[in-house]
Amino acid sequence: MHGFRFRLRESTRDEHDATERAFGRFDLATPKGYGHFLLAHAGALAALEPMLHRAGWTGWTSRMGHLQADLGDLEIQAAPCPQENPPQLPTDAHVWGAQYVLEGSRLGGAVLARTIPAGSPARYLSGAESGRPGSTRPWQEFCLALDEVAKDQGEPWEDDVEQGARTTFALFRRHANIISGYDF
Ligand code: HEM
């Protein structure tokens, strides 16, 4: 019997695949493509992270500092993105869903870190903030915590987590679209 996180992966697979396609437009092998990829992530994180403190997973940590340091090394100014609608994460369950997406995005990031131009800053993609670059331990800890908290909840809570995850994936896609200048 698989836990809740496994079911969440299955129920949001469509969202992941659409988001992977949206970010697949950036050619990470070029400095420009890599910079645009980081800028799109910065826009999404700027909108999301203020809502993720003091709710959901207690182990959650911001990755914005490392993202900004990478952008700084690339001499890219992170312009504030127009944020007409702040993301809706009204309950603790929605926050768990958003954190699921952010923590899980490290998995793809570790793969993508191998494709960027040699010598590029990669604090954000390599997961340097954990002090253990390339480690999947934060992800494993998050999954354990999610499965544990889910045991005491019911279907409405699970639906809210899924909704929070969908909102978050969609936000990333929106920022990918903003940066690449056309709709996906
Ligand atoms: C070009 C872009 C991307 C690629 C190639 C990619 C690839 C991957 C791969 C290979 C995994 C599975 C890794 C494993 O099981 O060890 C994964 C998992 C995941 N990715 Fe992505 N990804 C991309 C973008 C994103 C983005 C932008 C987000 C979020 C905004 C995201 C969220 C996730 C999540 C939540 C999981 C965990 C799924 C689960 O096992 O529950 N990915 N990704």
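The values are calculated or read from the model by the stated rules, or taken from the named source; none is laboratory data. Because the structure is a prediction, the values reported are computed rather than measured. Here Cβ is always computed from backbone atoms with ideal geometry, including for glycine, and neighbour counts include all displayed protein chains.
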Run residue 5 past the list (1) in a loop (DSSP other than H, G, I, E, B); (2) of a type outside the set (Phe, Trp, Tyr); (3) surrounded by fewer than 21 Cβ atoms within 10 Å (Cβ to Cβ) and report the number of the one that doesn't hold.
(1)
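Within region 85-126, take every residue that is assigned to a loop (DSSP other than H, G, I, E, B) and within 13 Å of the ligand (Cβ to nearest atom) and give me the one that is modelled with the lowest pLDDT. Break it down into steps so the answer makes sense when it comes.
So in region 85-126, the residues assigned to a loop (DSSP other than H, G, I, E, B) come out as 85-91, 116-122.
This time we only want the ones that are within 13 Å of the ligand (Cβ to nearest atom), so: 87, 116.
Details: 87: 89, 116: 94.
Filtering first and then ranking leaves 87.
In region 132-182, which residue that is basic (Lys, Arg) and in a loop (DSSP other than H, G, I, E, B) is farthest from residue 92 (Cα to Cα)? I'd like the intermediate steps shown before the answer.
First, pick out the residues of region 132-182 that are basic (Lys, Arg): 132, 137, 151, 166, 173-174.
In the following step, the residues that additionally are in a loop (DSSP other than H, G, I, E, B) were identified as 132, 151.
Values: 132: 28, 151: 15 Å.
Here the answer is 132.
Would region 13-30 turn up any residue that is in contact with an Asp or Glu (Cβ under 7 Å, 6 or more places away or on another chain), surrounded by 13 or more Cβ atoms within 10 Å (Cβ to Cβ) and charged (D, E, K, R)?
Filtering region 13-30 for residues in contact with an Asp or Glu (Cβ under 7 Å, 6 or more places away or on another chain) gives none.
Checking region 13-30: not a single residue is in contact with an Asp or Glu (Cβ under 7 Å, 6 or more places away or on another chain), surrounded by 13 or more Cβ atoms within 10 Å (Cβ to Cβ) and charged (D, E, K, R).
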Given (1) farther than 20 Å from residue 120 by Cα; (2) at pLDDT below 95; (3) near the ligand (Cβ under 9 Å from one of its atoms), index of the condition residue 49 fails:
(3)
All but one of (1) surrounded by 17 or more Cβ atoms within 10 Å (Cβ to Cβ); (2) in a helix (DSSP H, G or I); (3) touching a residue at least 40 places away in the same chain (Cβ under 8 Å) hold for residue 65; state the number of the condition that does not hold.
(1)
Please go through (1) modelled with pLDDT of 95 or more; (2) within 11 Å of the ligand (Cβ to nearest atom) for residue 14 and return the number of the only condition it doesn't satisfy.
(2)
Assuming residue 182 fulfils every condition listed in (1) more than 15 Å from the chain's Cα centre (by Cα); (2) at pLDDT 95 or above; (3) not polar (S, T, N, Q) apart from one, which condition is it?
(2)
Pairs under 6 Å by beta carbon, first residue within 20 Å of residue 160 (Cα to Cα) in region 11-35, partner of a type in the set (Gly, Ala, Ser) and near the ligand (Cβ under 8 Å from one of its atoms), six or more apart or different chains?
12/165
